[in-house]
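First up is the structure itself, then whatever we jot down about it.
The values are calculated or read from the model by the stated rules, or taken from the named source; none is laboratory data. Note that the coordinates shown come from a computational prediction; the quantities given were computed from them, not determined experimentally. Positions of Cβ are generated from backbone atoms using ideal geometry, with glycine treated the same way; all protein chains shown enter the neighbour counts. The protein model used for the area step is the full one, side chains on, heavy atoms only, and it has no ligands, DNA or RNA in it. Shrake-Rupley method; radii C 1.70, N 1.55, O 1.52, S 1.80 Å.
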Amino acid sequence: MSYTVAVRALCEFTAREGNLDLRFTPAPTAQEGIAGHSLVASSRGPGYESEIALNGSYDVLRVRGRADGYDPVSNRLEEVKTYRGEFSSIPGNHRALHWAQARMYGHLLCETRGLTQLKIALVYFEIGSQKETVLVESQTAASLAEHFNLHCASFLIWAVQEHTHRLERDTALSALTFPHATFRPGQRELAVAVYRAAREQGALIAQAPTGIGKTLGTIFPALKACQGERIDKIFFLAAKSSGRALALDAIDQLHGGSAKLPLRTLELVAREKFCEHPDKACHGESCPLARGFYDRLPAARSAALAETRLDRAAVRAVAASHDVCPYYLSQELARWSDVVVGDYNYYFDTSALLYALTLSNTWRVSVLVDEAHNLVERARSMYSATLELSALATARNAVPTRIRKSFDALKRQWTALTQDQTEPYLLHDKIPVRFQTAVQSLTTAVTDHLAEAAFSVNDALLSFYFSALHFGHLAEVFGPHSLFDVTLSATAPGTCGSDETTSTLCIRNVIPAGFLAPRHTSAHMTVLFSGTLSPYHFYRDTLGLPDSTRWIDVPAPFRSEQLAVSVIGNVSTRFRDRQRSLKPIVGLLASQYALKPGNYLCFLSSFEYLQRVVQLTRERYPDLPIWEQTQGMDEAERTRFLERFTTESKGIGFAVLGGAFAEGIDLPGARLIGAFIATLGLPQINPINEQMRRRMQDRFGNGYDYTYLYPGLQKVVQAAGRVIRTEQDTGTVHLIDDRYRRAEVRDLLPRWWHVDDVLI
């Protein structure tokens with residue numbers, strides 16, 4: 001047996017103590033940290049060595065790491081830490097951790113170079129002033145070895161336990177059997193494709209219809225490949241909580257087939273849904289669960305990892321019994337879990353926890369992306385940034401007079417950017433250098449201010465500060481993948497220095513491929529699966545998957561006889577024709593309901609259109625039971641809407657295409673027997689989408705389809721997919737618009753559909 005661990009991970013396990021302290025203290029960005037390390041190294045004399053790879057052993061433990069620097073002339077090893085603000089604000093338990101790391105590197109260097117003694121320096125480099133604070137100690141090789149052995153011995157028990165768990169896990173997974181007597185139709189084909197992707201180390205796009213058990217069909221083969229491919233973790237990423245629930249249920253099924261399956265599954269939950277004391281700040285002086293967090297963490301961690309299912313309830317229960325914060329306990333448990341179930345952002349966002357852990361621990365991971373058609377828009381939002389002029393004015397009022405000049409400087413550049421604009425929307429070819437400089441100067445000034453007043457931070461200031469930081473970061477990497485635009489809008493008189501208009505600046509990501517590609521490269525395997533991923537090249541291109549990405553289109557288990565699909569080809573739902581479309585749409589609803597009473601959904605392109613159809617329906621057919629989606633429905637209201645669809649009820653529910661009820665809901669059997677889709681789902685033609693179309697045309701040569709047609713038809717097929725959920729279901733779908741008669745539109749509909757043209 002051997003167990004490899006990084007110096008940083010080992011020390012974070014053995015040397016952290018005291019309070020959890022999440023009071024806001026501005027930290028350097030990764031780029032600033034790298035630059036700070038380079039500045040320190042460049043200021044040293046000749047012969048200075050940087051980034052020294054080191055490794056050593058203790059019993060069966062193999063420890064590796066990379067020391068920041070070593071000066072052989074003075075025989076001094078340096079551990080460099082970058083920070084912002086006052087040196088005195090660095091908590092004592094953080095410095096203790098830094099010393100532990102430096103001494104571990106010191107021992108490894110003495111072992112490697114045959115040194116008998118060594119000077120060790122903690123070099124704290126303040127990014128703003130570029131001032132160094134250096135703490136130095138002299139150590140003998142023997143004392144450093146004693147320190148190394150002490151921490152390794154403390155970690156070894158855990159390492160042996162984890163190694164044993166890994167062996168037991170892999171042995172159990174290699175013998176794991178499918179939890180059901182047979183695969184569903186199409187499920188085996190999907191599972192085989194996922195297993196091959198793991199064996200061949202690559203990416204897979206899998207279009208697989210509802211009803212075949214996609215979640216189990218991807219998790220099971222990914223687990224089966226763990227031993228052979230030496231997979232450390234499986235990340236199951238979902239767009240919604242319902243997707244996470246399906247993943248947890250699928251793993252429960254696997255445990256049912258093997259009661260002693262040693263597999264730890266963790267559900268990551270958003271901080272706002274996990275916080276026990278939302279009225280308190282995240283530090284030991286305010287929150288009792290942060291006080292002494294690291295002192296109680298070892299016992300809480302051990303108790304949690306004795307369980308196999310670490311969902312929200314289980315983590316909360318363990319945290320409560322050990323008086324620790326459940327959210328930050330779950331963050332710690334991500335290091336030691338075999339399967340992590342969470343939102344897309346945990347791996348794909350700019351500051352993604354799971355991606356950062358993957359890189360720092362050099363894990364081999366398999367990434368499963370559920371309902372992956374959602375990832376395009378979600379990724380675009382992750383890599384877009386917005387600045388509001390009104391927010392700038394509000395934030396300016398929250399800072400001392402001495403730093404308001406940086407806000408005023410940004411306001412001047414903002415005015416210069418917008419003063420000649422007469423149209424509501426204007427695209428710029430590039431972000432002006434002076435504007436970027438003003439943003440950077442403002443964030444630097446606010447960073448310094450917050451470092452001094454970290455414990456009394458104004459929310460409006462902090463919100464604008466984070467927006468400006470994100471904007472500045474994306475401005476540095478601005479390119480053809482994004483747009484930079486300015487939108488003018490009316491505002492109340494005197495709101496933000498303008499009597500009539502305010503403005504919004506946006507770096508708007510169009511093609512997230514370049515940002516996501518490193519995530520795919522860092523994974524051993526990436527599988528994107530959904531019922532609507534056609535055409536596959538659209539998702540491959542926009543999501544940054546390699547050209548070698550495999551594609552599988554799993555045949556549907558349904559028969560064309562189960563679903564009557566009609567195209568109403570003599571009605572147009574284009575914006576200019578909507579008034580004329582109302583009577584035929586309402587007549588179709590009533591006639592279909594009279595022909596076969598039951599539960600239906602009618603999807604329209606907007607709330608305004610929906611309300612017009614609902615109003616006419618009520619006027620002409622007052623006895624027809626109807627209910628409607630309204631704007632801003634909360635979770636309870638959405639639940640009540642769906643509860644109207646019972647096996648005994650009858651009526652028509654009206655909803656917006658692409659909204660909460662157009663995908664991800666399950667209404668099998670008599671709960672839903674038909675759908676009317678009175679739109680092609682095409683995004684609105686407006687200046688922003690037209691600029692996106694041009695950008696797509698430049699990049700892929702197919703701008704209209706990439707911007708309008710493919711995203712629109714994906715929504716249509718998702719909505720229609722609510723009708724047939726099982727192999728026993730039957731129903732009807734009416735596609736209302738003459739454009740459904742076009743060949744390029746028909747080609748994007750599911751292959752198993754038999755479509756009839758109908759005139760009304």
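Scanning the range 635-652 for residues that are in a loop (DSSP other than H, G, I, E, B), of a type outside the set (S, T, N, Q) and open to solvent by 80 Å² or more (accessible area, probe 1.4 Å) yields 644, 648, 650.
Annotation: of all residues in the range 78-109 being part of a helix (DSSP H, G or I) and basic (Lys, Arg), the one that is surrounded by the most Cβ atoms within 10 Å (Cβ to Cβ) is 103.
Can you find a residue in the range 343-356 that is in a loop (DSSP other than H, G, I, E, B), closer than 30 Å to residue 510 by Cα and among the β-branched types (Val, Ile, Thr)? Give the steps one after another, and end with the answer.
Taking the range 343-356 first, the residues in a loop (DSSP other than H, G, I, E, B) are 344, 349-352.
Restricting the remaining residues to those that are closer than 30 Å to residue 510 by Cα gives 344, 349-352.
Next, only the ones that are among the β-branched types (Val, Ile, Thr) stay: 350.
Yes, the range 343-356 contains at least one residue that is in a loop (DSSP other than H, G, I, E, B), closer than 30 Å to residue 510 by Cα and among the β-branched types (Val, Ile, Thr).
Within the range 270-304, can you find the residues that are hydrophobic (A, V, I, L, M, F, W, C) and either in contact with a Leu (Cβ under 7 Å, 6 or more places away or on another chain) or modelled with pLDDT of 95 or more (or both)? Residues satisfying the conditions are 282, 290, 293, 297, 299, 300, 303, 304. Can you confirm whether residue 671 is open to solvent by 20 Å² or more (accessible area, probe 1.4 Å), at pLDDT 95 or above and farther than 29 Å from residue 614 by Cβ? Here the answer is no, as residue 671 does not meet what is asked. Here residue 331 does not fit the description of being open to solvent by 20 Å² or more (accessible area, probe 1.4 Å) and closer than 28 Å to residue 478 by Cβ. Residue count for the range 115-144, restricted to those that are farther than 23 Å from residue 81 by Cα and open to solvent by less than 60 Å² (accessible area, probe 1.4 Å): 3. Checking 590, 594 one by one, the residue that is closer than 15 Å to residue 673 by Cα, out of contact with any helix residue (DSSP H, G or I) (no Cβ under 6 Å at 6 or more places or on another chain), in contact (Cβ under 8 Å) with a residue 12 or more places away in the chain and surrounded by fewer than 17 Cβ atoms within 10 Å (Cβ to Cβ) is 590 and no other. For the range 391-428, the candidate set comprises residues that are open to solvent by less than 30 Å² (accessible area, probe 1.4 Å) and in contact with a strand residue (DSSP E or B) (Cβ under 8 Å, 6 or more places away or on another chain); within that set, the residue that is farthest from residue 444 (Cα to Cα) is 421. Candidates in the range 44-58 are the residues that are open to solvent by 70 Å² or more (accessible area, probe 1.4 Å) and more than 17 Å from residue 149 (Cβ to Cβ); of these, the one that is nearest to the chain's Cα centre (by Cα) is 51.
Residues in the range 338-395 that are closer than 24 Å to residue 231 by Cβ, touching a residue at least 40 places away in the same chain (Cβ under 8 Å) and of a type in the set (Asp, Glu): 4 in all.
Matching residues to (1) touching a strand residue (DSSP E or B) at 6+ places or on another chain (Cβ under 7 Å); (2) open to solvent by 30 Å² or more (accessible area, probe 1.4 Å); (3) free of Cβ contacts under 8 Å to residues at least 40 places away in the same chain; (4) more than 19 Å from residue 563 (Cβ to Cβ):
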| residue | (1), (2), (3), (4) |
| --- | --- |
| 707 | no, no, yes, yes |
| 716 | yes, no, no, no |
| 721 | no, no, no, no |
| 733 | yes, no, no, no |
| 752 | no, yes, no, no |
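Looking only at the range 9-18, decide whether some residue is part of a loop (DSSP other than H, G, I, E, B) and over 30 Å from residue 285 (Cα atoms). No. As a summary of the residue check, residue 375 satisfies the conditions (1) at pLDDT below 95; (2) surrounded by 18 or more Cβ atoms within 10 Å (Cβ to Cβ) except for the one numbered (1). Counting only residues that are in contact (Cβ under 8 Å) with a residue 60 or more places away in the chain and open to solvent by 50 Å² or more (accessible area, probe 1.4 Å), the range 258-281 holds 1 of them. Within the range 643-672, the set of residues being within 34 Å of the chain's Cα centre (by Cα) and of a type in the set (A, V, I, L, M, F, W, C) comprises 645, 654, 655, 656, 657, 660, 661, 662, 665, 667, 672. Within the range 175-188, identify whether any single residue is assigned to a helix (DSSP H, G or I), open to solvent by 40 Å² or more (accessible area, probe 1.4 Å), farther than 27 Å from residue 269 by Cα and β-branched (Val, Ile, Thr), and answer yes or no. Within the range 175-188, not a single residue is assigned to a helix (DSSP H, G or I), open to solvent by 40 Å² or more (accessible area, probe 1.4 Å), farther than 27 Å from residue 269 by Cα and β-branched (Val, Ile, Thr). Is there a residue in the range 490-500 that is surrounded by 14 or more Cβ atoms within 10 Å (Cβ to Cβ), at pLDDT 90 or above and not β-branched (Val, Ile, Thr)? There is no residue in the range 490-500 that is surrounded by 14 or more Cβ atoms within 10 Å (Cβ to Cβ), at pLDDT 90 or above and not β-branched (Val, Ile, Thr). Cβ-Cβ contacts under 6 Å between residues 6 or more apart (or on different chains), taken from a first residue in the range 219-247 that is in a loop (DSSP other than H, G, I, E, B) and open to solvent by less than 20 Å² (accessible area, probe 1.4 Å) to a second residue that is hydrophobic (A, V, I, L, M, F, W, C) and modelled with pLDDT of 95 or more, are listed as 225/198. Only one entry of 616, 604 meets the criterion of being hydrophobic (A, V, I, L, M, F, W, C), open to solvent by less than 20 Å² (accessible area, probe 1.4 Å) and within 19 Å of residue 573 (Cα to Cα), and that entry is 604. Say whether the condition of being in a loop (DSSP other than H, G, I, E, B), of a type in the set (D, E, K, R) and under 23 Å from the mean Cα position of the chain (by Cα) is met by at least one residue in the range 302-315. Looking for residues that are in a loop (DSSP other than H, G, I, E, B), of a type in the set (D, E, K, R) and under 23 Å from the mean Cα position of the chain (by Cα), one finds at least one in the range 302-315, hence yes.
So residue 431 ticks every box in (1) of a type in the set (A, V, I, L, M); (2) open to solvent by 40 Å² or more (accessible area, probe 1.4 Å); (3) touching a residue at least 12 places away in the same chain (Cβ under 8 Å) but one. Which box is left unticked? Just one mismatch for residue 431, condition (2). Of the numbered criteria (1) more than 30 Å from residue 443 (Cα to Cα); (2) modelled with pLDDT under 95; (3) of a type outside the set (Gly, Ala, Ser); (4) outside any helix (DSSP H, G or I), the one residue 163 fails is (4). Checked against the criterion of being under 28 Å from the mean Cα position of the chain (by Cα) and under 24 Å from residue 559 (Cβ atoms), the range 691-714 has at least one qualifying residue. Contact annotation: residue pairs with Cβ atoms under 8 Å, 6 or more positions apart or on different chains, pairing a residue in the range 147-167 that is closer than 20 Å to residue 232 by Cα and touching a residue at least 24 places away in the same chain (Cβ under 8 Å) with a partner that is aliphatic (A, V, I, L, M) and surrounded by fewer than 18 Cβ atoms within 10 Å (Cβ to Cβ), are 156/60; 159/60; 160/1; 160/60; 163/1; 163/60.
Report yes if residue 36 is touching a Ser or Thr at 6+ places or on another chain (Cβ under 9 Å) and touching a residue at least 24 places away in the same chain (Cβ under 8 Å), otherwise no. Considered against the rule, which asks whether it is touching a Ser or Thr at 6+ places or on another chain (Cβ under 9 Å) and touching a residue at least 24 places away in the same chain (Cβ under 8 Å), residue 36 comes out as yes. One residue stands out in the range 59-75 among those that are open to solvent by 60 Å² or more (accessible area, probe 1.4 Å) and assigned to a strand (DSSP E or B): the one that is nearest to residue 154 (Cα to Cα), namely 62.
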